[in-house]
Amino acid sequence: MKFTIDLPEALPTRLNAQEQSLSQVLEVGLDELIASPQTGFTGFAEVLEFLANLPTPEEILALRPSETLQAQIDQLSEKHKAESLTPQEKHLWQQYEYLEHVISMAKAKAYLKLNPQ
């Protein structure tokens, strides 16, 4: 389908660099916009903002991804297992793995604060 829109001046240059994955860029962007922030974090920025607010250990332990983000992660996980990730998906998968590592570390420290040995 052909679609015509007016874009801010700097955006076409950035989009040209992602021309082959433009559909994916739009899909991921829409998913981020549509995701409900009350049901969990929807992306990296939200996690960083959450941690920057110095949450309580209980809040850290309760941190969960939104249903939309979890579905995206599950889909990438399946493609990762099948070794069928595109280069862009592979990069996104690596980012999710790192984010999960950071969250796991935060949760481990939160658990230790609540349950000192």
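Structure notes:
Listed here are the residues, each with its yes/no results for (1) under 30 Å from SER23 (Cα atoms); (2) without any contact (Cβ under 8 Å) to a residue 24 or more places away in the chain.
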{"residue": "PHE44", "(1), (2)": "yes, no"}
{"residue": "GLU49", "(1), (2)": "yes, yes"}
{"residue": "ASN53", "(1), (2)": "no, yes"}
{"residue": "PRO57", "(1), (2)": "no, no"}
{"residue": "PRO116", "(1), (2)": "no, yes"}
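- Among the residues of segment 68-95, just one is of a type in the set (Asp, Glu) and surrounded by 13 or more Cβ atoms within 10 Å (Cβ to Cβ), namely GLU89.
- Residue within segment 94-106 that is within 24 Å of GLN20 (Cβ to Cβ), acidic (Asp, Glu) and either part of a loop (DSSP other than H, G, I, E, B) or without any contact (Cβ under 8 Å) to a residue 60 or more places away in the chain (or both) present: yes
- Meets criteria (touching a helix residue (DSSP H, G or I) at 6+ places or on another chain (Cβ under 9 Å) and under 22 Å from LEU22 (Cβ atoms)) for LYS79: yes
- Residue within segment 36-56 that is more than 21 Å from the chain's Cα centre (by Cα) and either at pLDDT 85 or above or assigned to a loop (DSSP other than H, G, I, E, B) (or both) present: yes
- For segment 68-83, the set of residues classified as over 17 Å from GLU27 (Cβ atoms) and not charged (D, E, K, R) consists of SER77, HIS80, ALA82, listed by residue number.
The values are calculated or read from the model by the stated rules, or taken from the named source; none is laboratory data. Only a predicted model underlies this, so the values are computations on that prediction, with no experimental measurement involved. Counting neighbours? That spans all protein chains shown, and the Cβs are built from the backbone with ideal geometry, glycine included.
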